[in-house]
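Written below as C-alpha cells is the structure these notes are about.
Read-outs: derived from the displayed coordinates by stated rules, not from any lab. For clarity, every value in this text was computed on a predicted model and none was experimentally measured. Cβ coordinates were reconstructed from backbone atoms using ideal geometry, including for glycine residues, and neighbour counts include every protein chain displayed.
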Amino acid sequence: MDGPGERSTNLLGVRHILLVLSGKGGVGKSTLSTELALALRHRGHRVGILDVDLCGPSIPRMLRVQDRAVHQCDSGWVPVFVGQDRAVALMSIGFLLERPDDAVVWRGPKKNALIKQFVTDVAWGDLDFLIVDTPPGTSDEHISTVEALRPHRLLGAILVTTPQAVSVGDVRRELTFCKKTGLRVLGVVENMSGFVCPHCSGSGIHDSLLFFLLQECTNIFSKGGGEELAKHAGVPFLGCVPLDPQLSQSLEEGRDFIQEFPKSSAFPALAHIAQQI
Ligand code: ADP
C-alpha cells in the first residue's frame, strides 16, 4: 500500500477522476454516477465506478452485479466488471458484505480507513474515467476521499440537486466544501426536473427528433433551481434530467438504460451531460 499523500500505483492508468456529490440523499447521485458511466462507455470509454457511499451502496444492484464478489490479486482487489465488453468496472463495499442487506455501522475512522484502502488497493488497470459516488452531505468521508485522491488526476466534482429550494440550499454547502478543499466544480445537474408523460407526448412517433420536440414536460417540483444556483455560483450548468419511469425501472431491474432506452425522456440529458465531461 502507498503511504499517505503518495500516488497510488493502482491509479496510474486512470486518466480522469470525477466525484459526484449531493447535499442530500435520494436526489439521484448514484443514478447519475451509474448512468454517466454507461453513457461514457457508450461513447467508447473505459470507465470505473468507486462507490464510497459506505452506508448506502446501491450501485451493485443498479448494475445487477450485487451477487458478484471481488477477488484479490497481487496489486489488490480486482473490481467487478459489468457486461460482456468489461468496459465498466465497479468497486463497492456491497461486495465485501456477507449479506447485501447488512448495515454498515461504523465510526468515522474505520470508514476513512476503508476509503483510503479503496483508493490505493483496487487494481483498476487502464481507465479513461473513474467516477466516485460519495455519500450525501459533506462529512469526514468526503474529506478523506478528496485527500486520498488529491495526488491523482482529479478532474473535479459534479453536484447533483433536485429542483426544490431545500435541495438547492444543500448544494450550496457542497459548493462551499469544494471551495474550501480546492476541488474544481465541473458543473451542476438538476435531476428529477419535470416529468414527460409517455401517454401524452407522442410516444407512438418513431422519428426521435420529432418525438423530443413534441415532448410536454410537467414540472412536478419547481424548476430552474439548479440552473439559477450554477449561474449564481459562476459554475457551469450541465443540464436537467427529467423524472423518467423507464429510468427508475431499468435501475430497479439492473438494465442498461443508455443502451436499451435511447428514446426515453431522460436519455438526451444524460447523453448531453456525458458529452460535456
Ligand atoms: P442518491 O444516490 O442521491 O441517494 P439514487 O440515485 O439512489 O439517489 O436515487 C433515488 C431513487 O430515485 C432511485 O430509486 C432512482 O431509481 C430514482 N431516480 C433518480 N433519478 C431519477 C429520474 N431522473 N427519474 C426517475 N427515477 C429517478
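Things to note:
- Contour excess over end-to-end distance, with Cα ends at residue 180 and residue 72 and 0.36 nm allotted per residue: 35.3 nm
- Shape of region 1-89, Cα gyration tensor, a/c cut at 1.5: rounded
- Electrostatic dipole magnitude of region 9-271 [Cβ: Lys, Arg +1; Asp, Glu -1; Cα centre; debye, to 20]: 700
- Size of electric dipole in region 1-132: Cβ of Lys, Arg +1 and of Asp, Glu -1, about Cα centre, debye, nearest 20: 320
- Region 9-271: relative contact order in percent, alpha carbon pairs under 8 Å with at least 6 residues between: 25
- Each other residue within a Cβ distance under 13 Å of residue 20 adds +1 if Lys or Arg and -1 if Asp or Glu, for a net charge of -4.
- Calculation over all alpha carbon pairs of region 1-151 in 10 angstrom steps from 0 returns a P(r) of 11, 45, 38, 6 percent.
- Annotation: for a label point projected 7 angstrom from Cα along Cα→Cβ of residue 260, no residues of region 23-43 have a backbone N closer than 14 Å.
- Beta bridges per DSSP with both ends in region 9-271, % antiparallel, nearest 5: 20
- Cross-link reach list, aspartates and glutamates versus residue 24, counting only Cα pairs under 14 Å and skipping chain neighbours closer than eight places: 53, 133, 170, 174, 190
- Packing, as the average of other Cβ atoms within 10 Å across residues, places the peptides 129-135, 44-50, 64-70 in the order 129-135, 44-50, 64-70, highest first.
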